[in-house]
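Scroll down for the structure; my scribbles are underneath it.
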Amino acid sequence: MRNPCTLVLSLSLTLLLGACTFVPLTPEGEQIKMESAQAVTGCERKGTTSVSTKHKLGFVPRSADIVTEELQSLARNDAAKLGGNTIVPETQELEGQQTFAVYQCRR
């Protein structure tokens, strides 16, 4: 039989970690903006990036805001590597996955 305190501690730790973000935004990624599709009509498309992060820790769902933040950070980091300076979501977030278009826009 498991100790009830151990079970409560494990569940609490899982919930706490579910609220943390684990994806750092690189200095290059910090320069990338997120825009709507209408805002990039005069920009050069550089490609796409498909990113993913954990949407659950075990059986516990992570915060939707944290998952969204991590996906955007990953996309911004990738956009910098692709030579872009702007990202546009192409799909909705689904189970910790999302696709973004990468553009180079005049600023």
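The values are calculated or read from the model by the stated rules, or taken from the named source; none is laboratory data. All of these numbers come straight from a predicted model, not from anything done at the bench. Cβ coordinates were reconstructed from backbone atoms using ideal geometry, including for glycine residues, and neighbour counts include every protein chain displayed.
Of the residues making up region 86-103, those that are part of a loop (DSSP other than H, G, I, E, B) and in contact with a strand residue (DSSP E or B) (Cβ under 6 Å, 6 or more places away or on another chain) are 90, 91, 96. Residue 41 passes every criterion in (1) among the β-branched types (Val, Ile, Thr); (2) more than 12 Å from the chain's Cα centre (by Cα); (3) modelled with pLDDT under 90 apart from (3). Condition check: of a type outside the set (Phe, Trp, Tyr), touching a residue at least 24 places away in the same chain (Cβ under 8 Å) and surrounded by fewer than 15 Cβ atoms within 10 Å (Cβ to Cβ). Does residue 45 satisfy that? Taking the combined requirement at face value, the residue satisfies it. Any residue at all in region 42-63 that is under 11 Å from residue 103 (Cα atoms) and outside any strand (DSSP E or B)? Within region 42-63 (the criterion being under 11 Å from residue 103 (Cα atoms) and outside any strand (DSSP E or B)), the answer is yes, since at least one residue qualifies. In region 21-41, the residues that are closer than 14 Å to residue 106 by Cα form Cβ pairs under 6 Å with partners that are small (Gly, Ala, Ser) and modelled with pLDDT of 95 or more, at six or more places apart or across chains, as follows: 32/79; 32/80. Against the criterion of being buried (at least 21 other Cβ atoms within 10 Å of the Cβ) and either more than 20 Å from residue 36 (Cβ to Cβ) or touching an Asp or Glu at 6+ places or on another chain (Cβ under 8 Å) (or both), residue 60 does not qualify.
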